[in-house]
Amino acid sequence: MNRTTRDRDEEGRARNARPRDGLGRPLPHGAEGVARQPEGVVRTPDGTLREAQRLLDAGMPFHAHEVFEDAWKSGPEAERDLWQGLAQLAVGLTHAARGNREGGARLLRRGADRLTSAREGAPDQSAHGIDVGGLVAWARELSDRIEGIGTEVDASAEAPRLRRTGA
């Protein structure tokens with residue numbers, strides 16, 4: 001492919017202008033896709049959790065991952081593992097919903113491990129109302145279950161609850 005015709009950002013990094021479906025898979029040029037999450041949005045932790053939960057509930061964990069990615073890039077260093085762990089859970093659910101059971105299970109476990117590490121390193125991170133223990137249990141249960149089934153999972157039906165009840 002001719003380099004001058006490739007879609008690049010200001011720094012010369014490749015950009016994919018193709019539309020994407022709700023699970024982030026590229027669609028053919030000209031197809032109607034799901035609106036992409038804008039990158040680099042700085043949200044409060046509450047705003048991050050509300051937007052990510054909305055996307056998870058809508059069956060769009062790929063897009064929720066992008067919201068968590070913004071949080072880890074713009075948030076305090078002490079919360080990096082927390083937001084990265086949440087992003088890994090969203091990507092794991094994405095892979096599972098796409099039919100990649102092995103990759104989905106691996107990312108769900110990696111996210112659960114990162115959240116466990118974040119909780120042990122800074123137990124007060126639950127101040128955002130995040131149900132870290134519930135998410136770790138959800139991720140481990142889903143990872144075990146998806147390894148044993150032969151079909152894709154329904155991302156919206158499997159969407160986790162990010163916050164503790166009443167938070």
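The values are calculated or read from the model by the stated rules, or taken from the named source; none is laboratory data. Note that the coordinates shown come from a computational prediction; the quantities given were computed from them, not determined experimentally. We place every Cβ from the backbone using ideal geometry, glycine too, and count neighbours over all the protein chains shown. Accessible surface areas use protein heavy atoms only, side chains included; no ligands, DNA or RNA. Shrake-Rupley method; radii C 1.70, N 1.55, O 1.52, S 1.80 Å.
Quick look at the values:
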item	result
Residue that is least open to solvent (accessible area, probe 1.4 Å), among those in region 42-97 that are over 15 Å from Ala157 (Cα atoms) and not in a helix (DSSP H, G or I)	Gly75
Any hit, region 10-20, residues being crowded, with 20+ Cβ neighbours inside 10 Å and at pLDDT below 95	no
Residue ID - farthest from Asp81 (Cα to Cα), chosen from residues in region 117-139 that are buried (at least 17 other Cβ atoms within 10 Å of the Cβ) and modelled with pLDDT of 90 or more	Trp138
